[in-house]
Amino acid sequence: DPIGLEGGWNQYVYASIHPTYSIDPLGLIDKPAPVFNRELNSDAYYLAVNNCYSYALNRYGNPGSRIFGGGGLQPGELSGKEFSKLTCSSIFEASKNDGAKDLDNGSCPSGYHKAQLFIRPHNFIGMGGDYHWYRQDANGEWSDKQGVGAIRFRGKDPLPPIDYPEKCGTICLPN
């Protein structure tokens, strides 16, 4: 019973936000890992409704989210259990509520891809506190999206963001 039908049928996850192409009522087909697509930078709506977390999850953000009047998902928002503190443990816990998993011997399980989390503490070089995600794409290279800004290619071994000095680690996000 790979998706736990014994506990009831989860009617909400199998189609995600793609109900016409993700017809998989038993949830047995893995979605492929995300693919870097620079063309999304010319889509103003996509840029406006996605932040680093929704980009790392490879799903459209929430147009009503609180981030800078734009869109995007906050860790834990999908599960209704958002993070409570700007700490690695709080954000990782909220992400796990959204379906993230820990690495298993440095790898992600089938149907998941790697994401790295960084934190900028409050008052770091006069800036407010924030978090930032990188995601590993299907080709093994990394990319990110800063707030409502453009998608950026980061390569095979990306440097951490200079204004996010705390590296929390790597976690597996659902494809």
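Scan segment 102-138 for residues that are under 22 Å from residue 42 (Cα atoms) and assigned to a loop (DSSP other than H, G, I, E, B) and the total you get is 2. Among the residues making up segment 69-114, those that are at positive phi and without any contact (Cβ under 8 Å) to a residue 40 or more places away in the chain are 69, 76, 80, 105, 106.
Taking the condition under 24 Å from residue 87 (Cβ atoms) and part of a loop (DSSP other than H, G, I, E, B), does residue 147 pass? Yes. Taking residues in segment 31-48 that are of a type in the set (Gly, Ala, Ser), and partners anywhere that are surrounded by 16 or more Cβ atoms within 10 Å (Cβ to Cβ) and not in a helix (DSSP H, G or I), the pairs with Cβ atoms closer than 7 Å and at least 6 places apart or on different chains are 33/113; 33/137; 33/175; 48/70; 48/71; 48/148. Pairs are defined by a Cβ separation below 8 Å, a sequence spacing of at least 6 or placement on different chains, a first member in segment 117-136 that is within 14 Å of residue 154 (Cα to Cα) and without any contact (Cβ under 8 Å) to a residue 24 or more places away in the chain, and a second member that is surrounded by fewer than 12 Cβ atoms within 10 Å (Cβ to Cβ) and of a type outside the set (A, V, I, L, M); no pair meets this definition.
FYI, it's all coordinate maths here, none of it is from the lab. Treat the numbers as computed from the prediction; the structure is a model and nothing was measured. Glycine gets a Cβ as well: all are built from the backbone with ideal geometry, and neighbour counts include every protein chain shown.
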